[in-house]
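**Student:** Structure incoming, see below.
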Ligand code: MG
């Protein structure tokens, strides 16, 4: 094998990709507040076609983006009745399988929820564990944190909750030919 071929092979075997995700859902009375698969007691909940799990949606978009597989709107359109009230963790499992089939494995996820209330930190560990389980990875590869916006804007005024996520993928060695 020539040196240039070896370099190309090493590059393919060690390739990594990053992706970002962002989502927003409106807060409404009479809806459950489900964030990272945790049902949090609160007078307001998130409005959406599925369970409106804003955190899991941002994570899914980060993964799809890193693998260049479009976005959740393409894979799970809200015009499709089969996704009505869907458990977003189930959708995340489907995304993880898709990412894997495309020749990638998940290195880590970092995610941030932007909400004025309620306090989310008591639930970070459960959220990370739920997401990791859905994705089929160790919990220590998933970081969940939160911030407020000092009462500014739609998150600060408790009109909605936003979430951001980044994902890092690395090449799966056994699938080099598929990618
Ligand atoms: Mg969403």
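**Student:** Does residue 55 count as within 10 Å of the ligand (Cβ to nearest atom), surrounded by 24 or more Cβ atoms within 10 Å (Cβ to Cβ), part of a helix (DSSP H, G or I) and in contact (Cβ under 8 Å) with a residue 12 or more places away in the chain? Don't jump to the end; show me each part of the working.
**Tutor:** Numbers: within 10 Å of the ligand (Cβ to nearest atom): yes; surrounded by 24 or more Cβ atoms within 10 Å (Cβ to Cβ): yes; part of a helix (DSSP H, G or I): yes; in contact (Cβ under 8 Å) with a residue 12 or more places away in the chain: yes.
Yes: the conditions hold for residue 55.
**Student:** Hey, another quick one. Those residues that are within 9 Å of the ligand (Cβ to nearest atom) and farther than 18 Å from residue 18 by Cβ, I need them from the range 58-81; list them, please.
**Tutor:** Hits for the range 58-81 are 73, 78.
**Student:** In this structure, is residue 94 over 30 Å from residue 151 (Cα atoms), away from the ligand (no atom under 14 Å from the Cβ) and free of Cβ contacts under 8 Å to residues at least 40 places away in the same chain? Even if it seems obvious, please write down each step before you answer.
**Tutor:** On the way: over 30 Å from residue 151 (Cα atoms): yes; away from the ligand (no atom under 14 Å from the Cβ): yes; free of Cβ contacts under 8 Å to residues at least 40 places away in the same chain: yes.
Here the answer is yes, as residue 94 does meet what is asked.
**Student:** Can you work out which of the residues in the range 29-52 that are more than 15 Å from the ligand (Cβ to nearest atom) and assigned to a strand (DSSP E or B) is nearest to the chain's Cα centre (by Cα)? Explain how you work it out, then say what you get.
**Tutor:** Pass one, the range 29-52, residues more than 15 Å from the ligand (Cβ to nearest atom): 29-30, 38-44.
If we keep only those that are assigned to a strand (DSSP E or B) too, we end up with 29, 38-39, 44.
Values: 29: 25, 38: 14, 39: 17, 44: 22 Å.
Going through the qualifying residues, I end up with 38.
**Student:** Scan 26, 116 and give me the residue that is within 18 Å of residue 148 (Cα to Cα), away from the ligand (no atom under 16 Å from the Cβ) and surrounded by 15 or more Cβ atoms within 10 Å (Cβ to Cβ).
**Tutor:** Details: 26 fails: away from the ligand (no atom under 16 Å from the Cβ).
One residue alone meets the criteria, 116.
Each reported figure results from applying straightforward, stated rules to the coordinates on display, with no laboratory input. Predicted, not measured: the structure shown is a model, and the values here were computed from it. Cβ sites come from the backbone with ideal geometry, for glycine too, and all protein chains shown count toward neighbours.
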